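Heads up, the thing below is written out as structure tokens.
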Amino acid sequence: MNLRVVDSLPAKAFPNAVEGPRRLRSVSHLYDRTTVLGHVSTSPDEAYAITDKTSPHALYELMIVSAGNTIRSGLHDHSPQFGQAFGVMAHSFANHCHAYDLAPIVSWSYDPHTLDRASIQGEKRFHSHFVGRTQADRTTVAATAVRAAQLPTTRARCIVEEASVLGSLLAADCVDRDALRLLVPVPALSTPLSTLTAQFLLPNGWESLTDPGLHADLSYIYRALRRTYDEILRVCTTGTSGPWKRPAVREFDVDHIEIPLRPETRATLAHYLRALRPDLLSDSSSRARNAHVYPLADLAYAVIIAEQDGEVYLHIRANVFSDLGGAGTSFLDGVIVRTQKGVGTLRRDEIAARKAFQTEYLGQLHRNPLSPRVFFPSS
């Protein structure tokens, strides 16, 4: 509750914007329901599309969407070639933001199984938000940040969920530093953001995103989190997830969890699970209620890549209750920032500036020396 947060940073909407999820179940939906700025297939069933969001998180923004026929929810579900192409796009975006004097933030969420209540990944296709924060945004955040304890408790728990703190401890124990090829772990609880997330340094800044080792590391971390989540469920819960149905906590011996956890982490995990109130669970249409008492359906986490103090960090934030994903709650200069969409309407000059920013980004991406190799590997 001592972490610095902003609730909330407003984002203007397009005139006549359509709010709410617009599921992209097919490639045709992608074209019907978004503005596609670029689309490249990397295999018969794997492709990416660069799109414009209909419900912006910021003035300067793009969205990268997995555009194959099969819906793949995680970056780890894609090939290393797709992962490296994505990294080149993100690196080019960061360079483009710096030319505009913007702070780049790249984020995505993984929550493919929550379908009954609001999810951190409303669109189940993998999609990543590329956001450029202005100097005005940074000034606003610096001026309005408060300690989470100063917010109403329910609001604070959406932005800084206790499960995210627990997730940082579990990740520190279960992600083997020696198995990582690129990412450098920041010790859990050693910084404000490593309290809320598993925090990793990108040693070569944004250029690290072009390294094939990044996709390998993210795939390895997913497997470690998957193994950890499944083992905790096996030992500590009974039942399965389904529509308005979740596993219940049962009597358990935390020492029976067969993953390498420090005694402090085991004690914290046991304390957290035994404090849950499964008797409060019920199917509900109240988003506010669900975000506090009705869990997401399975392993869920957000990935946020952002700058702080001249370095670039990748953060993995575990979610159990909160429905705020990587774009809904991101980081700016070390502050946790919730975005509030649909506040005001974009002016014509702002829409023109947004379009120019996107068009110039595509030009820079074409000129990136890595582009021919990662986007057209067979040529």
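The values are calculated or read from the model by the stated rules, or taken from the named source; none is laboratory data. As the structure is a prediction and not an experimental result, all values here were calculated from the model. Counting neighbours? That spans all protein chains shown, and the Cβs are built from the backbone with ideal geometry, glycine included. Ligands, DNA and RNA are stripped out before the accessible areas are found, and what is left, the full protein with its side chains, is counted by its heavy atoms. Shrake-Rupley method; radii C 1.70, N 1.55, O 1.52, S 1.80 Å.
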Checklist entry - Among the strands (runs of 3 or more DSSP E) confined wholly to region 28-111, which include 2 or more residues that are out of contact with any Gly (no Cβ under 6 Å at 6 or more places or on another chain) and among the aliphatic types (A, V, I, L, M)? => result 35-43, 60-66, 103-110
Checklist entry - For region 232-249, which residues satisfy the criterion of being touching a helix residue (DSSP H, G or I) at 6+ places or on another chain (Cβ under 7 Å) and either farther than 19 Å from N319 by Cα or of a type in the set (F, W, Y) (or both)? => result V235
Checklist entry - Does any residue of region 113-135 turn out to be at pLDDT 95 or above, in a helix (DSSP H, G or I) and open to solvent by 20 Å² or more (accessible area, probe 1.4 Å)? => result yes
Next on the checklist: Looking at region 146-164, I want the residues that are farther than 17 Å from I120 by Cβ and of a type outside the set (D, E, K, R) and have a partner that is at pLDDT below 95 and open to solvent by 80 Å² or more (accessible area, probe 1.4 Å) with Cβ atoms under 8 Å, at least 6 apart or on another chain. Which pairs are those?
Outcome noted: A148/M1; A148/N2; A149/M1; A149/N2; A156/M1
Next on the checklist: Name the single residue that is farthest from V312 (Cα to Cα) among those in region 211-231 being over 18 Å from the mean Cα position of the chain (by Cα) and open to solvent by less than 20 Å² (accessible area, probe 1.4 Å).
Outcome noted: T228
Checklist entry - When the residues of region 326-343 are filtered to those that are open to solvent by 10 Å² or more (accessible area, probe 1.4 Å) and outside any strand (DSSP E or B), which remaining residue is nearest to N290 (Cα to Cα)? => result G328
Item to check | Sole exception among (1) within 29 Å of F321 (Cβ to Cβ); (2) buried (at least 22 other Cβ atoms within 10 Å of the Cβ); (3) touching a Phe, Trp or Tyr at 6+ places or on another chain (Cβ under 7 Å) for E61, by number | outcome: (2)
Checklist entry - Would a scan of region 202-210 turn up a residue that is modelled with pLDDT under 95 and either within 19 Å of A318 (Cα to Cα) or open to solvent by 50 Å² or more (accessible area, probe 1.4 Å) (or both)? => result no
Checklist outcome for this item: Among A306, A300, the single one that is farther than 30 Å from T139 by Cα, among the small types (G, A, S) and surrounded by 15 or more Cβ atoms within 10 Å (Cβ to Cβ) is A300
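One line per residue, one yes/no per condition, for (1) open to solvent by less than 10 Å² (accessible area, probe 1.4 Å); (2) closer than 20 Å to Y222 by Cβ; (3) within 17 Å of the chain's Cα centre (by Cα):
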position	(1), (2), (3)
A49	yes, no, no
H57	no, no, yes
S79	no, yes, no
Q84	no, yes, no
D111	yes, yes, yes
Next on the checklist: I'd like to know if region 91-100 contains one or more residues that are of a type in the set (G, A, S), at pLDDT 95 or above, touching a strand residue (DSSP E or B) at 6+ places or on another chain (Cβ under 9 Å) and more than 23 Å from G310 (Cβ to Cβ).
Outcome noted: no
Item to check | Residue in region 344-373 that is surrounded by the fewest Cβ atoms within 10 Å (Cβ to Cβ), counting only those that are in contact with a Phe, Trp or Tyr (Cβ under 9 Å, 6 or more places away or on another chain) and β-branched (V, I, T) | outcome: T345
Item to check | Complete set of residues in region 153-194 that are open to solvent by 30 Å² or more (accessible area, probe 1.4 Å), in contact with an Asp or Glu (Cβ under 9 Å, 6 or more places away or on another chain) and either at pLDDT below 95 or hydroxyl-bearing (S, T, Y) (or both) | outcome: R155
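Based on this model, can you work out whether H29 counts as open to solvent by 20 Å² or more (accessible area, probe 1.4 Å) and under 19 Å from S92 (Cα atoms)? Walk me through it before giving the result.
Details: open to solvent by 20 Å² or more (accessible area, probe 1.4 Å): yes; under 19 Å from S92 (Cα atoms): no.
It is false that H29 is open to solvent by 20 Å² or more (accessible area, probe 1.4 Å) and under 19 Å from S92 (Cα atoms).
Restricting the search to region 252-283, which residues are open to solvent by less than 30 Å² (accessible area, probe 1.4 Å) and touching a residue at least 24 places away in the same chain (Cβ under 8 Å)? Steps first, answer last, please.
Let us first name the residues in region 252-283 that are open to solvent by less than 30 Å² (accessible area, probe 1.4 Å), namely 252, 254, 257, 259, 261, 265, 269-270, 273.
If the condition is that a residue be open to solvent by less than 30 Å² (accessible area, probe 1.4 Å) and touching a residue at least 24 places away in the same chain (Cβ under 8 Å), then I257, I259, L261, T265, L269, L273 are the ones that fit.
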Checklist entry - When only residues in region 233-251 that are in a strand (DSSP E or B), open to solvent by 40 Å² or more (accessible area, probe 1.4 Å) and out of contact with any Ser or Thr (no Cβ under 9 Å at 6 or more places or on another chain) count, which is modelled with the highest pLDDT? => result T238
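Could you check region 141-203 for helices (runs of 4 or more DSSP H) lying wholly inside it with 1 or more residues that are acidic (D, E)?
Working: elements: 153-159, 162-174, 192-196.
Result: 162-174.
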Checklist entry - How do the pairs read when you match residues in region 86-101 that are farther than 19 Å from R373 by Cα with residues anywhere that are in a helix (DSSP H, G or I) and open to solvent by less than 10 Å² (accessible area, probe 1.4 Å), using Cβ under 6 Å and keeping only pairs 6 or more apart or on different chains? => result H96/Y361
